[in-house]
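Asker: Structure in structure tokens, see below.
Derivation of every value follows stated rules applied to the coordinates shown; laboratory data play no part. All values reported here derive from a predicted model rather than from experimental measurement. Here the Cβ positions follow ideal geometry from the backbone for every residue, glycine too, while neighbour counts run over all protein chains shown.
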Amino acid sequence: MALYEKLHERTLDQPVLVIGLDGWIDAGAGAAAAVAHLASGRMLDVLGQFDGDALIDHRSRRPVAHIVDGVNRGLTWPRLDLRAGTDDAGHDLLLLSGPEPDLRWHEFTDAVVALASELGVRLAVGLGAFPAPVPHTHPVRLATTSPVSELAHQVGYVRGTLDVPAGVEAALEIAFETAGIPAIGLWARVPHYVAAMAYPAASAALIDGLTEVASLQLDSRELHEAAARARLQIDALVANSDEHRRLVTQLEAQAEAELQGEDGGLAGESLPSGDELAAELERFLRGEPGA
């Protein structure tokens, strides 16, 4: 049985494929909010849908039951869709969104690459965000991954060798490269102490990075405005604690050293944990007493 069902046909002109699957690392919900921003009013046509029963473990990703006065009104099942739309200048876009598959990754990547080849995709871009020892007072920096060094170094990258658990987006990068389709992953670096809360600055950086690497026109003003509001909230909380101010100051020094190509470590100093600040931020945003 095919993993993918076509729902609509649409003629596309060298579209960019954006991949935003949930279930892997997404600090500050950076990628999720970026995907929602793209889909809002722009990605209108659902070209097709992947077979959830074949790809998703519904015991770990359960459907939502809608119960009204004891009456079961039905279920909303996790959906893995391919949508089509355009950027602000009318350039074609594709958006692959939904839950990251739990099963049959090899078959899934083969199916996505085959679809991309059929639809004439010129570039595939994955979106993600990870917690990092960076300050909220600096602009969000992106780290990139790609099987091709020219693409991997186009925006920014993490120096050194890393062996980390992979998401399916990493498998797609390799499969796209084998098929001759350029592919790149964009990862927003999110301050570790805000990783558990919504951090719109990460989403804005991802949209701006997508605009740059794919030569698209995408309006990110709404995300930047949300980021400015979040910055004021975090600033206000940090200002109330000497320890929190020290944490941010040390992270700022470390970030400046990294930008200048120096050793990012802070010799002789221990970096305070951001756990207490993260907990206070969560209480503050929930409006709980004592925050």
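Asker: What list of ³J(HN,Hα) couplings, whole Hz, do you get for the stretch 112-123 from phi and the Karplus terms 6.51, -1.76, 1.60, once you set θ to phi - 60° and write x for glycine and proline?
Answerer: Going residue by residue, I get 5, 5, 4, 5, 4, 5, 4, 8, x, 4, 9, 7 Hz, with x marking Gly and Pro.
Asker: I'd like the Karplus ³J(HN,Hα) series for the stretch 3-20: coefficients 6.51, -1.76, 1.60, θ = phi - 60°, whole numbers in Hz, and an x wherever there's a Gly or Pro.
Answerer: 7, 9, 10, 6, 10, 9, 9, 8, 7, 10, 10, 6, x, 9, 9, 9, 10, x
Asker: What percent does the relative contact order of the chain come to when contacts are Cα pairs within less than 8 Å and at least six residues apart?
Answerer: Values: 511 pairs, mean separation 60.3, N = 291.
So the answer I get is 21 percent.
Asker: For the stretch 30-118, what is the relative contact order in percent, using Cα pairs closer than 8 Å and at least 6 residues apart in sequence? All intermediate terms of the calculation are to be shown ahead of the outcome.
Answerer: Details: 105 pairs, mean separation 26.2, N = 89.
Taking the mean separation of contacting Cα pairs over the length of the stretch 30-118, I get 29 percent.
Asker: Could you work out how far apart the two model spin labels at Arg79 and Arg231 are, taking each label as a point 7 Å from the Cα in the direction of the beta carbon, and quote it in nm?
Answerer: A separation of 3.6 nm, rounded to one decimal place.
Asker: Per DSSP H run of at least 4 residues, take -39500 (n - 2.57); add these up for the chain, divide by its residues and hand me the 222 nm value, nearest 500 deg cm²/dmol.
Answerer: Numbers: 9 runs with 106 residues, N = 291.
Calculated mean residue ellipticity at 222 nm is -11000 deg cm²/dmol.
Asker: Then there's this: Tell me, what HN-Hα J-couplings in whole Hz come from the Karplus equation 6.51 cos²θ - 1.76 cosθ + 1.60 at θ = phi - 60° for each residue of the stretch 57-63, using x for Gly and Pro?
Answerer: Listing the rounded values in order: 7, 6, 7, 9, 10, 6, x Hz.
Asker: Please list the non-local residues whose amide H lies under 5 Å from the amide H of Leu123, H modeled 1.01 Å from N, same-chain partners needing a gap of 5 or more.
Answerer: Leu17
Asker: Still on this structure, I have one more. Given the options Asn72, Leu115, Phe176, identify the residue whose Cα lies farthest towards the positive end of the charge dipole of the chain (+1 on Cβ of Lys, Arg; -1 on Cβ of Asp, Glu).
Answerer: Asn72
Asker: A further question on this structure: Among Val46, Gln254, Leu206, whose Cα sits farthest toward the positive end of the charge dipole of the chain (+1 at Cβ of Lys/Arg, -1 at Cβ of Asp/Glu, about the Cα centre)?
Answerer: About the Cα centre, the residue reaching furthest to the positive side is Val46.
Asker: Right, something else. Gap in Å between the Cα centre of the stretch 97-168 and the Cα centre of the stretch 175-246?
Answerer: 15 Å
Asker: With r as the distance between the Cβ atoms of Ile25 and Asp45 and R0 = 25 Å, compute the FRET efficiency 1/(1 + (r/R0)^6) and round to 0.05. Each step should come with its number before you reach the end.
Answerer: Values: r = 29 Å, r/R0 = 1.18.
My answer for the efficiency is 0.25.
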